[in-house]
Amino acid sequence: MTNIFDVARKAGVSKSTVSRVFSHGYVADATRRKVILAANELNYVPSLLARQLRDQKTRTIGFIAKSYYPSVGVLLNFVTHFAERKGYNVTVYFTKSKKDEIRILDNFRLHALDGLFFVANRNDWSFIERYAKYGPIVTWRRIKSNKVYSSFIDHYPLYKEILEYIYNKYGVQKVGHILNDPTKNNTKARLKAINAIDQKYPNADNQWQLFYPEQEGAGEKAANKFLNNRDAPKIIVAYSDYVAAEFISNLHAQGLRVPNDIKVFGFDNSDFGKFMNISTIDTCLNLQVKNDVNYIISNLEQKDFYKEEIHPRLIKRSTC
């Protein structure tokens, strides 16, 4: 059986260096890659895995995000809750670069993790898909993949429902949109919904659109642009409750009242929406995450995967 000394000899490094690689200690990138390549060629399984239960699993799911902001905390809470109920642990990673993410994927390939939950990715999904043969990979992002599972919901009918609700209640008028990264599929779905509404209501004005790739700081930046625009719309739809809450807080600081001076709609029915009484769409995020976690565990334990049906709904509160 191949051992750590064999890997060290093949990689041309010391045993302690190999040990640091598999215990996530500091090792230069070039050396780490050399060790992992040697381990792959020798089919070496780290001793940590050998000490696990009979099923030879670490019973650990990797949670991967780019940075921390409150919505990530919500996702992490759901993931750890559902995983813990099934007897699994969660290890959290915040990546600063593509190399960071590749290191995690390489550890996954060496079975230091049983499954991966991606909040956000730095490498292309086509690259990440290559690692799906080493275990289940999931995301809450909307992607089209036969190798990475996504328990997503279609934002097109939901965003269209928000705009229909606004127009039916207040009449056709100017509506502003705080949107996510335009390259993301959910943003594309929302833009498609805006276009459909424009076609249905010729007098609609949905041209006021702001795009932010990350939630953190998006509400504040949007509020500053709103306050500096005399012709800004009086109704705003934000792509998350967190962004809507930050937007509202900054308007309040400038003496504007919601919904008297401006009406605001959120999206996802998070705690931010509940605490600030924001009109929103309940996307049943807990069920999306539950499906993702159950998909990982069903695959690991070779059991049938049962997907829970998700039924989003419009929630009318005082901000709109």
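The values are calculated or read from the model by the stated rules, or taken from the named source; none is laboratory data. Since this is a predicted model, take the numbers as computed values, not measurements. Virtual Cβ from ideal backbone geometry, glycine too; neighbours counted across all protein chains shown. Only protein heavy atoms, including side chains, enter the accessible area calculation; ligands, DNA and RNA are left aside. Shrake-Rupley method; radii C 1.70, N 1.55, O 1.52, S 1.80 Å.
Mind counting the residues in region 251-272 that are outside any loop (DSSP other than H, G, I, E, B) and either surrounded by fewer than 21 Cβ atoms within 10 Å (Cβ to Cβ) or more than 18 Å from the chain's Cα centre (by Cα) (or both)?
Step one: filter region 251-272 for residues outside any loop (DSSP other than H, G, I, E, B), giving 251-253, 263-265, 271-272.
Right, trim to either surrounded by fewer than 21 Cβ atoms within 10 Å (Cβ to Cβ) or more than 18 Å from the chain's Cα centre (by Cα) (or both) and you get 251-253, 263-265, 271.
Selection size over region 251-272: 7.
Do we have Ser318 as outside any loop (DSSP other than H, G, I, E, B) and small (Gly, Ala, Ser) here?
So Ser318 fails the test.
Would you please name the residue that is most open to solvent (accessible area, probe 1.4 Å), looking only at residues in region 19-46 that are at pLDDT below 85, over 24 Å from Pro136 (Cβ atoms) and in a helix (DSSP H, G or I)?
Arg20
Return the only residue of Asp304, Asp292 being in contact with a strand residue (DSSP E or B) (Cβ under 9 Å, 6 or more places away or on another chain) and under 18 Å from Lys147 (Cα atoms).
Asp292
Take the residues in region 301-320 that are surrounded by fewer than 16 Cβ atoms within 10 Å (Cβ to Cβ) and among the basic types (Lys, Arg); name whichever of them is nearest to His155 (Cα to Cα).
Ranking the candidates gives Arg313 first.
Select from region 77-129 the residues that are within 23 Å of Lys290 (Cα to Cα), in contact (Cβ under 8 Å) with a residue 24 or more places away in the chain and of a type in the set (D, E, K, R) and write down the one among them that is surrounded by the most Cβ atoms within 10 Å (Cβ to Cβ).
In this case the residue turns out to be Asp114.
Across region 270-289, what is the total count of residues that are more than 13 Å from Leu75 (Cβ to Cβ) and either touching a helix residue (DSSP H, G or I) at 6+ places or on another chain (Cβ under 7 Å) or of a type in the set (Lys, Arg) (or both)?
The number of residues fulfilling the criteria is 7.
Restricting the search to region 159-178, which residues are open to solvent by less than 20 Å² (accessible area, probe 1.4 Å) and either assigned to a loop (DSSP other than H, G, I, E, B) or out of contact with any Lys or Arg (no Cβ under 6 Å at 6 or more places or on another chain) (or both)?
Across region 159-178, the qualifying residues are Ile162, Leu163, Ile166, Tyr167, Val175, Gly176, His177, Ile178.
Looking only at region 144-158, count every residue that is open to solvent by 20 Å² or more (accessible area, probe 1.4 Å) and part of a loop (DSSP other than H, G, I, E, B) and tell me the total.
6
Given the criterion touching a helix residue (DSSP H, G or I) at 6+ places or on another chain (Cβ under 7 Å) and over 15 Å from Phe272 (Cβ atoms), identify the matching residue among Lys221, Lys192, Lys188. Walk me through it before giving the result.
Values: Lys221 fails: touching a helix residue (DSSP H, G or I) at 6+ places or on another chain (Cβ under 7 Å); Lys188 fails: touching a helix residue (DSSP H, G or I) at 6+ places or on another chain (Cβ under 7 Å).
Just a single option satisfies the conditions, and that option is Lys192.
For region 276-300, name all the residues that are surrounded by fewer than 23 Cβ atoms within 10 Å (Cβ to Cβ) and either without any contact (Cβ under 8 Å) to a residue 12 or more places away in the chain or in contact with a Cys (Cβ under 6 Å, 6 or more places away or on another chain) (or both).
Ser298
I need the full set of residues from region 179-188 which are assigned to a helix (DSSP H, G or I) and free of Cβ contacts under 8 Å to residues at least 24 places away in the same chain, in order please. Before you say what the answer is, go through the steps one by one.
Taking region 179-188 and keeping what is assigned to a helix (DSSP H, G or I), we get 185-188.
Residue satisfying the conditions is Lys188 alone.
Quick check on region 210-221. Is at least one of its residues in contact with an Asp or Glu (Cβ under 8 Å, 6 or more places away or on another chain), at pLDDT below 95 and open to solvent by 50 Å² or more (accessible area, probe 1.4 Å)?
Yes.
Given Lys221, Lys147, Lys200, which one is under 30 Å from His111 (Cβ atoms) and charged (D, E, K, R)?
After applying the criteria, what remains is Lys147.
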